[in-house]
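Taking it in order: structure first as structure tokens, then the write-up.
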Amino acid sequence: MFEIDPRLTAIFSPKSVAVVGATEDPNRVGGRPLHYLRNFGFKGSVYPINPGREVIQGFKAYSSLKDLPETPDLAVLAIGGEQVEEVLHQCASLGITSAIVMSSGFGETGPDGLKKQASLVRLAKALGIRLIGPNAQGVANFNTGAVMNFSTMFMEITPQDGPVAIVSQSGAASVMPYAMLRERGIGVRYLVASGNDAETSVNELALVADR
């Protein structure tokens, strides 16, 4: 029997989320998850991380992860690819064990990117952190409003909870079924666009979504 890793459960249903690289602009990668978390009814704690701002999209902002008042269940990394390993070290030092890496510049770019990605996976395993990504569009739970995803589709077609989970490597291949289902009045509970599947595969994610 498949045993669900609680670190992956935290990615689907976090009670607190830190967004590293958070921005005020909801149309940027670091801003859209904050916009969705605020507007889709997420009841947990949201912690934007940006050293240049005190408030971002109405949420109190923090200079770094170490300044947070608690250890969040999940870190969303919307930062440059060259910063990811350093931030994962910070996550591990605080006890954060789950992360969505939206950052690009890894396996999707060719041989050098694949080497960089392999190094990232080795680090994550050594630190005990489960990763979605890198190059991930993100994860959405429309039941709880935990929408850590930067697709514009949810701005265009209003989410509704329902009996369906969509799990895909591709961002486009995740949101197009979402759009077709919603246009037919069918709700979607989970949507995952996992990017490069470097550490956690779509197969494992599909099993978690079906729990």
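Some notes on this structure:
- Search result, residues across the stretch 168-197 that are closer than 20 Å to Phe106 by Cβ and in a strand (DSSP E or B): Ser168, Val192, Ala193
- Qualifying residue in the stretch 96-104 (condition: hydroxyl-bearing (Ser, Thr, Tyr), part of a strand (DSSP E or B), out of contact with any Pro (no Cβ under 6 Å at 6 or more places or on another chain) and under 28 Å from Asp67 (Cα atoms)): yes
- For Gly95, the conditions (1) without any contact (Cβ under 8 Å) to a residue 12 or more places away in the chain; (2) open to solvent by 40 Å² or more (accessible area, probe 1.4 Å) all hold with the exception of (1).
- Check on Thr200, surrounded by fewer than 23 Cβ atoms within 10 Å (Cβ to Cβ), polar (S, T, N, Q) and in a loop (DSSP other than H, G, I, E, B): no
- Residue count for the stretch 108-127, restricted to those that are out of contact with any strand residue (DSSP E or B) (no Cβ under 7 Å at 6 or more places or on another chain), touching a residue at least 40 places away in the same chain (Cβ under 8 Å) and closer than 22 Å to Thr71 by Cβ: 2.
- Some residue of the stretch 127-148 being open to solvent by 40 Å² or more (accessible area, probe 1.4 Å), over 16 Å from the mean Cα position of the chain (by Cα) and hydroxyl-bearing (Ser, Thr, Tyr): no
- Residue within the stretch 24-32 that is outside any loop (DSSP other than H, G, I, E, B) and of a type outside the set (D, E, K, R) present: no
The values are calculated or read from the model by the stated rules, or taken from the named source; none is laboratory data. Remember, it's a predicted structure, so these values are computed and weren't measured experimentally. Ideal geometry is used to build each Cβ from the backbone, glycine not excepted, and the neighbour counts take in all protein chains shown. Side chains are part of the model used for accessible areas, which takes the heavy atoms of the whole protein and leaves out ligands, DNA and RNA. Shrake-Rupley method; radii C 1.70, N 1.55, O 1.52, S 1.80 Å.
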